[in-house]
Amino acid sequence: MVFVLDRHKKPLMPCTPKRARLLLARGRAVVHRVKPFVIRLRDRCAQDSVLQESVLKIDPGSRITGMTVVRGEQTPEGEVHHALFFSEVQHRGESVHRGKQTQRNARRRRRSANLRHRAPRFDNRVVPKGWLPPSVCSRVGNILTWTRRYGRWVPISRIEVERVRFDNQLLENPEIQGVEYQQGERAGWEVRAYLLLKYEYRCTYCGKTDGPFEIDHIRPRSRGGSNRISNLALTCHICNTAKGNQTAHEFGHPEVEATARRPLKDAASVNAARFALVEALRRFGVPVGTWTGGRTRWNRARFGIEKTHAKDALCVGEIAGVKLGRLKTLRIKATGRGEHCRTNWTAEGFPRGYKMRQKQVRGFKTGDVVRAEVSGPLKTAGIHRGRVAVRASGSFRVGKVDGINARYCVLVQRADGYEYEWA
Ligand SMILES: [Zn+2]
């Protein structure tokens, strides 16, 4: 779908690419932005238009976050969500982490190279409240950036986010009775999400990592074992069958029985970044609904949807059904906006050469999307389009082609910290 703005840049409902082409051809609209494609109508105001309910749905992940925009429709069975736009944001937590490592190496060298007296420092390492590690902070920042952007292009009336992978409280207090998840259809999904994380997607007994996994009672039901979460383990089918009516101890795994009662200890830290995210999302001023990963999996299985990050996001929330449509997924890769550090370092932490001071060269900077039409008897002759990497000499790399002169380049879109690709 194509995002549509009114003449005052206020968001309207997205339209099909075909309709966008017609609007552009008739001169009723202009191109506002290339990727993702946004057009602006010249003769329409948001006040005079009918806007439907649009929901932004988020499935945060450590490497990739699914972000899907849907149109909600009320039916007698409940709310049905029609997908309008699928996207996946690829985070750069790893590269932030590597950058911090490089910074550390450089500092270490400076400390040992310069042995003048420094006053001892001991109590200046206070972590402010709400602090997140830089790599996690960057992930939360990416999601907030895209929430803000979608908010500019679609009239978002609600945000649905998967806040936790499983409902902690529900699992820790299995005595709570009468809750629908306790005996209901959803119970298994919540338990499974918890166990997958606790046993790191691995058979507790043989360590096999490829599923499908089954849920095993460490002390069997028939021998007085309970259904409590602490008595459950993740196993492959072979081990589960072989174990049969034995306890884990009898099966030759006393360590499993010893550790079984230990709760998932990093459950809180797994969820910390997501809680910070939800808090930040609330500041956008639209209602934020939260959901659990176990229930997302349940929805996905119920509707028979394949697993991708964008479609996982679609399955977040209390819904009666989903309509996929024939939409592609926009892969959004966080690239950052260059570095503060101007020195190149060797692996040992010694300086080796310097980067350019200025970012712009002849009006372009690294990361801009350009179109270059090279004519004449040159090796690079042809039409090239893509991200540009600038050099002070004016000889740029466009996409994968090196040595294109700046004078052939025409700007398509300014660098905005992300790279885009349709999948
Ligand atoms: Zn096994």
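The values are calculated or read from the model by the stated rules, or taken from the named source; none is laboratory data. Remember, predicted model here, so these are calculated numbers, not experimental data. Every residue, glycine as well, gets a Cβ built from its backbone with ideal geometry; the counts of neighbours run over all protein chains shown. We work out accessible area using only protein heavy atoms, side chains counted, and drop any ligands, DNA or RNA first. Shrake-Rupley method; radii C 1.70, N 1.55, O 1.52, S 1.80 Å.
Taking 21 Å as the cut-off for C-alpha to C-alpha distance, list the pairs among Lys198/Lys311; Lys100/Lys400; Lys18/Lys328; Lys10/Lys35; Lys129/Lys198 that go past it.
In this structure, Lys198/Lys311; Lys100/Lys400; Lys129/Lys198 exceed 21 Å between Cα atoms.
Would you mind classifying region 1-88 by shape? Square roots of the alpha carbon gyration tensor eigenvalues, ordered a ≥ b ≥ c; an a/c under 1.5 is rounded, otherwise it is prolate if a/b is larger than b/c and oblate if not.
Cα axes put region 1-88 in the oblate bin.
What percent do you get for the relative contact order of the chain when only Cα pairs under 8 Å and 6+ apart count?
18 percent
Among Val55, Val374, Val126, determine the one that fluctuates most according to a GNM of the chain built with springs between C-alpha atoms less than 10 Å apart.
Comparing Val55, Val374, Val126 in a Gaussian network model of the chain, the most mobile one is Val126.
With θ set to phi - 60° and the Karplus curve 6.51 cos²θ - 1.76 cosθ + 1.60, what are the ³J(HN,Hα) couplings of region 134-143 in order, to the nearest whole Hz, using x for Gly and Pro?
Once rounded to whole Hz, the list reads x, 5, 6, 4, 5, 5, 4, x, 4, 5.
Can you sort Leu84, Leu378 by 1.4 Å-probe accessible area, starting with the largest?
Solvent-accessible surface, decreasing: Leu378, Leu84.
Okay, helix-only estimate at 222 nm for the chain: each DSSP H run of n ≥ 4 adds -39500 (n - 2.57), divide by all residues, round to 500 deg cm²/dmol; what do you get?
-8500 deg cm²/dmol
Can you give me the accessible area per residue for region 44-171, using a 1.4 Å probe, in Å²?
57 Å²
Apply the a/c threshold of 1.5 to the C-alpha gyration tensor of region 29-165 and tell me whether it is rounded, prolate or oblate.
Note, shape of region 29-165 comes out prolate.
So what's the angle, to the nearest 10 degrees on a 0 to 90 scale, between helix 267-282 and the longest Cα principal axis of the chain?
50 degrees
For region 198-207, what does the Karplus curve 6.51 cos²θ - 1.76 cosθ + 1.60, with θ = phi - 60°, yield as ³J(HN,Hα) per residue in whole Hz, taken in order and with x for Gly and Pro?
Working through the residues one at a time gives 5, 9, 6, 6, 8, 5, 4, 9, 9, x Hz.
Using only the alpha-carbon atoms of the chain, report the extent along each of the three principal axes, biggest first, to the nearest angstrom.
83, 72, 46
Can you work out the Karplus-derived ³J(HN,Hα) for every residue in region 85-99? Use 6.51 cos²θ - 1.76 cosθ + 1.60 with θ = phi - 60°, whole Hz, and x for glycine or proline.
Result, rounded to whole Hz: 7, 9, 8, 10, 9, 8, 7, 10, x, 4, 6, 5, 4, 5, x.
For Ala320 and His249, what is the calculated FRET efficiency with R₀ set at 41 Å and r taken between the beta-carbons, to the nearest 0.05?
0.35
Could you order Ser95, Ser230 so the one with the most accessible surface comes first? Probe is 1.4 Å.
Ranking Ser95, Ser230 by accessible area, largest first, yields Ser95, Ser230.
Rounding to the nearest 20 debye, state how big the charge dipole of region 297-423 is about its Cα centre with +1 on each Lys and Arg Cβ and -1 on each Asp and Glu Cβ.
120 debye
Across the Cα atoms of region 73-142, what radius of gyration and what greatest pairwise Cα-Cα distance (Dmax) are found, in Å?
Values for region 73-142 (Cα only, Rg and Dmax): 22.8, 76 Å.
For region 314-423, what's the relative contact order in percent, using C-alpha pairs closer than 8 Å and at least 6 residues apart?
It rounds to 29 percent for region 314-423.
So which GluC sites (Glu not before Pro) in region 314-423 are both in a DSSP loop and have at most 15 other Cβ atoms within 10 Å of their Cβ?
Passing sites in region 314-423 are Glu318, Glu339, Glu348.
Please build a GNM for the chain, connecting alpha carbons under 10 Å apart, and tell me which residue among Thr204, Thr343, Thr65 fluctuates the most.
Thr343
Going by alpha carbons, how many degrees (0 to 90, nearest 10) lie between the helix axis of 293-303 and the longest principal axis of the chain?
Between helix and principal axis, roughly 80 degrees.
Assigning unit charges at the beta carbon (Lys, Arg +1; Asp, Glu -1) and nothing else, what dipole magnitude in debye, to the nearest 20, does the chain show about its Cα centre?
Here the size comes out at about 3020 debye.
Which order do the peptides 22-34, 323-335 come out in when sorted by mean C-beta neighbours inside 10 angstrom, highest first?
323-335, 22-34
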